[in-house]
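K.L.:
Encoded as structure tokens, here's the structure I'll be asking about.
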Amino acid sequence: MKLRTKISMLFACFALSIFVSCTQDQSTDLTVETTTDISIEDAAKKMEMMRTTPMVQSKAAITYISELCEDVVSGTYAYENTWNNAALWDYYSFEGTAGDVVDISLLRTTPGMDVMSILFFGTTTTSDGLHPFSPSTNPDMTYLGFWDDNIPNPSCFGDAGTFGFILPYTGTYTFAVNDNSGCGFPKNYEIHTTGISCITDTDGDGCDDAVDPHPNSNVEATVTIDGCDSGAPNIYVEPCSTMSDLIADCAANAANHAEFVACVKALATAWRRAGHIDGRQNYYLQRCASSSSLP
Ligand SMILES: [Ca+2]
Ligand SMILES: [Ca+2]
Ligand SMILES: [Ca+2]
């Protein structure tokens, strides 16, 4: 190898080592402060406050305030300078699916509070081991990160925003709120989210429990009435309801056996006309209803 080439390679290696060193320094900084928008003076003030505040190894029982949905949740924070004490944070939960992309903004709505957010996968009943810098760990919780001061706010440091975060797991997440370096009371905030849904669909038919007339739809393969299998395919005949669901409604609403049989006859006739069942299944639906002891 020519001397000139060797010198060029040595110079390149030296430049690369400086770059890697700087990158490592930056990533170390990020574990302490993710801000890009607060002033150097404010950042120094906050760093000093965080550095000089002793860590509290809290082991208190915690409760969740509410579940986050794709909407706005208002909260009031009761404590000052509590980044170091997980027992005093506000806790919220939400459901997520791996790969979901979510935004969660934590915005103060009154001057004073210096909001900061922390995200975990899992839920817990104790604050033990929740602080990102705590040497202990909480076996139920996986720490995912914290956000602080990355949304400008003129009143005191910045607000906190998690943007385009890709959820790594499917299940329940914990979103925690604290006042990092308090600037006084009152301490009111809002949590704005996108990409998070509170829809609960217990039977998985695409209808939210809140609007599903049968949130636990009967999904047996065939329609069975009081132990009598009609052989009719138990399909969804309405967006949220199967045949067996509607027959159960007949039993629930009929004043006597004759009313129940008439109700099933009306359904079976309509299903036959719609082509959902054949003549034989129509016959057995009505026969099963007739021979049952329902309602
Ligand atoms: Ca903040
Ligand atoms: Ca449903
Ligand atoms: Ca249903």
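K.L.:
Relative contact order for the chain: what percent, with Cα pairs under 8 Å and sequence separation of 6 or more?
P.N.:
Numbers: 568 pairs, mean separation 55.2, N = 295.
Relative contact order, the chain: 19 percent.
K.L.:
Could you line up R51, R287 from fewest to most neighbouring Cβ atoms inside 10 Å?
P.N.:
On the way: R51 8, R287 15.
Taking fewest neighbouring Cβ atoms as first place, the list is R51, R287.
K.L.:
Evaluate the distance, in nm, between pseudo-label points positioned 7 Å from the Cα of A266 and of D229 along their respective Cα→Cβ axes.
P.N.:
For A266 paired with D229, the spin-label model returns 3.0 nm.
K.L.:
Under a point spin-label approximation (7 Å from Cα along Cα-to-Cβ), what is the T63-E48 distance to one decimal in nm?
P.N.:
4.0
K.L.:
Also, I was wondering about something else. Once you order the gyration tensor axes a ≥ b ≥ c over the Cα atoms, which shape class does region 95-192 get: rounded for a/c under 1.5, otherwise prolate or oblate by comparing a/b with b/c? Could you put the intermediate results ahead of the total?
P.N.:
Values: a/c = 2.37, a/b = 1.46, b/c = 1.63.
The shape class here is oblate.
K.L.:
Measure nothing fancy, just the Cα-based angle from helix 243-253's long axis to the longest principal axis of the chain, in degrees from 0 to 90, nearest 10.
P.N.:
Around 70 degrees separate the two axes.
K.L.:
Looking at the chain, what % of its DSSP beta bridges pair antiparallel, to the nearest 5? Each step should come with its number before you reach the end.
P.N.:
On the way: 44 of 46 bridges.
Bridges in the chain are about 95 percent antiparallel.
K.L.:
To continue, here is another question. Cα axis of helix 3-30 to longest principal axis of the chain: angle in degrees, 0 to 90, nearest 10?
P.N.:
Helix 3-30 sits roughly 60 degrees off the main axis of the chain.
K.L.:
Helix 279-291 versus the longest principal axis of the chain: what is the Cα-based angle in degrees, 0 to 90, to the nearest 10?
P.N.:
80
K.L.:
To the nearest 500 deg cm²/dmol, what mean residue ellipticity at 222 nm is calculated for the chain from DSSP H runs of n ≥ 4 alone, each contributing -39,500 (n - 2.57), summed and divided by the residues? Before the final figure, lay out the partial values.
P.N.:
Numbers: 5 runs with 83 residues, N = 295.
After summing the helix terms and dividing by the residues of the chain, the value is -9500 deg cm²/dmol.
K.L.:
Rounded to the nearest 0.05, what FRET efficiency do A221 and T126 have when you use their Cβ-Cβ distance and R0 = 51 Å? Please list the in-between numbers first.
P.N.:
Numbers: r = 45 Å, r/R0 = 0.89.
Rounded to the nearest 0.05, the efficiency is 0.65.
K.L.:
Multiply the residue gap between T200 and I40 by 0.36 nm, knock off their C-alpha separation, and tell me the result in nm, one decimal place. Present the calculation step by step, with values, prior to reporting the outcome.
P.N.:
Working: separation 160, 0.36 × 160 = 57.60 nm, distance 4.55 nm.
Extending this stretch completely gives an extra 53.0 nm.
K.L.:
To continue, here is another question. Once the piece of chain linking D103 and H192 is laid out straight, how much longer is it, given 0.36 nm per residue of separation minus the C-alpha distance between them?
P.N.:
Details: separation 89, 0.36 × 89 = 32.04 nm, distance 0.79 nm.
Here the answer is 31.3 nm.
All of the numbers you see were taken from the coordinates with simple rules; none came from a lab. Keep in mind it's a predicted model, so treat the numbers as computed, not measured. So basically every Cβ, Gly included, is an ideal-geometry build from the backbone, and we count neighbours across all protein chains shown.
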